[in-house]
Amino acid sequence: EPAQQRSTFRYEEAVSALTGVESNAELSRRAPLVFEEMTSAQFEHLARLADPANDRDVPAERYVPEISLGRESHTVARWQRTYTSSSEAAGAWIRPALVAANHCDIAIHWHEELLSGPHPDAYAERLLACLAAAGNAEVFYRLLDRDGDALIPKICSYAGRQQIAAFIDDRLIPFLTVHVSSGTDEIFAGLCGLARAVVSPTIDGVLTALFQRWAGSFARVGETGSRRTSIDIWRAFNDLAGHPRFDLIEDWQGLLSSVLQGPLLWYEKQKVLSVLERDPRSYIQIESMLFKSEDWEHFNESESDRLERAAERLFGEVTN
C-alpha cells in the first residue's frame, strides 16, 4: 500500500484560515491535515473558531479580461468574486483534523452535531483519514466507543477498513460484539472484514455470532421463497471462512450442511462445498454430492473430478 499522505498543520495557520486572513484554497489539496502539538488553550480556541456557525462564504476569485475606456484612463481587466454553494469553508477541512488531535478529550459540541446531521458522510470520511494520517489509535477507539453507531457505515465500508487497518486489534472486539447483529448486508460484510483482521483467540465469540447470522440469512431466504442472497452475504462468507480460527467455530460443519440444503445456485454450492471439504466429518455428504453431481460446459473445472478428489482425501483422513 502507498504511504499515507499527510500535511502538518500549525496552530497559526489554522487561525489564519478560520479568520479569513489567508485563503483556504490549498486546504483541500493538503488534506488530510495533521496538527502539530498545541496547548489545551490553543485547542479550545480553535474549536470555537471552527464552529460551523462561524463558517464564511468562500468566493472564487479571478481576473476577467475586459477593456473599458474612461475619461482619464482605461482598464484591461476586472476582478471578479463569485459565491457558489459548492465552495467549502476552511472549517470543513480543519474540523476533522482538530477532532483527530483531541488527545485531552476536550468536549466539542459541533462534532456530534456533524455526525448526526443530515449529511455526515463527508465529515466522517475526512475524520477517518485524519486519524489514519496522525496514527491516533487512542483517539480512534475513544471516538468508536462514543460514536460507534454514527461511524459504523464508514468503518464497515471497504475504503474505511483500509484507512483504519493499522488500528485494528483486540480493542475492536467490544465494538464488534455490540454491533454483531446490526445493519444491512453491506454493513454485515464490513463487520466480517473487520473481524478477519483480528486473529487472537478473543475473537472466537464474535466469529461464532457472525457465522450464525450468516447461516440464519439462508433460513430467511427459504421462508420467503425466491429472494436471492446479496453479493455482500458471500463477501462476508469469504472473510469468515478465510479466518485462521474459522475451524474453531462450534458446529460450523453442521451450519454449512443446513445451508447446502437450501436453494443455492450452482456456484454458491461450490463455495460452500469447498469449505466443507476441510472437515473429515463431511465425507458422507461429499460422497452424496458426488453421486448427484453433473458437469456442464460452463464449469471451469469438472465438478465430479473435484468432488472425487475431495472424497478420497477425506476418506483417507477418516480411516487414519
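Restricting segment 177-232 to residues that are more than 22 Å from the chain's Cα centre (by Cα) and either closer than 19 Å to Ile155 by Cα or part of a loop (DSSP other than H, G, I, E, B) (or both) leaves a set whose member that is modelled with the lowest pLDDT is Ser226.
Picking from Arg171, Arg146, Arg161, which residue would you name as being of a type in the set (D, E, K, R) and over 30 Å from Pro52 (Cβ atoms)? Walk me through how you get there before you give the answer.
On the way: Arg146 fails: over 30 Å from Pro52 (Cβ atoms); Arg161 fails: over 30 Å from Pro52 (Cβ atoms).
So the residue among Arg171, Arg146, Arg161 that is of a type in the set (D, E, K, R) and over 30 Å from Pro52 (Cβ atoms) is Arg171.
Hey, could you check segment 152-176 for residues that are over 9 Å from the mean Cα position of the chain (by Cα) and among the hydrophobic types (A, V, I, L, M, F, W, C) and say which is most open to solvent (accessible area, probe 1.4 Å)? Among residues in segment 152-176 that are over 9 Å from the mean Cα position of the chain (by Cα) and among the hydrophobic types (A, V, I, L, M, F, W, C), the one most open to solvent (accessible area, probe 1.4 Å) is Ala166. Just so you know, in segment 1-31 the residues that are polar (S, T, N, Q), farther than 15 Å from Ala132 by Cα and not in a helix (DSSP H, G or I) include one that is modelled with the highest pLDDT, and it is Thr19. Just one of (1) open to solvent by 80 Å² or more (accessible area, probe 1.4 Å); (2) assigned to a loop (DSSP other than H, G, I, E, B); (3) modelled with pLDDT of 80 or more fails for Asn102. It is (1). Taken across segment 126-139, residues that are assigned to a helix (DSSP H, G or I), closer than 28 Å to Gly183 by Cβ and polar (S, T, N, Q) do not occur at all.
Surrounded by 17 or more Cβ atoms within 10 Å (Cβ to Cβ) and closer than 26 Å to Gly216 by Cβ: does that describe Ala124?
Values: surrounded by 17 or more Cβ atoms within 10 Å (Cβ to Cβ): yes; closer than 26 Å to Gly216 by Cβ: no.
Against the criterion (surrounded by 17 or more Cβ atoms within 10 Å (Cβ to Cβ) and closer than 26 Å to Gly216 by Cβ), Ala124 does not qualify.
The values are calculated or read from the model by the stated rules, or taken from the named source; none is laboratory data. None of the values given here were measured: they were computed from a predicted structure. Positions of Cβ are generated from backbone atoms using ideal geometry, with glycine treated the same way; all protein chains shown enter the neighbour counts. Areas reflect the complete protein model, heavy atoms only, side chains present, ligands, DNA and RNA absent. Shrake-Rupley method; radii C 1.70, N 1.55, O 1.52, S 1.80 Å.
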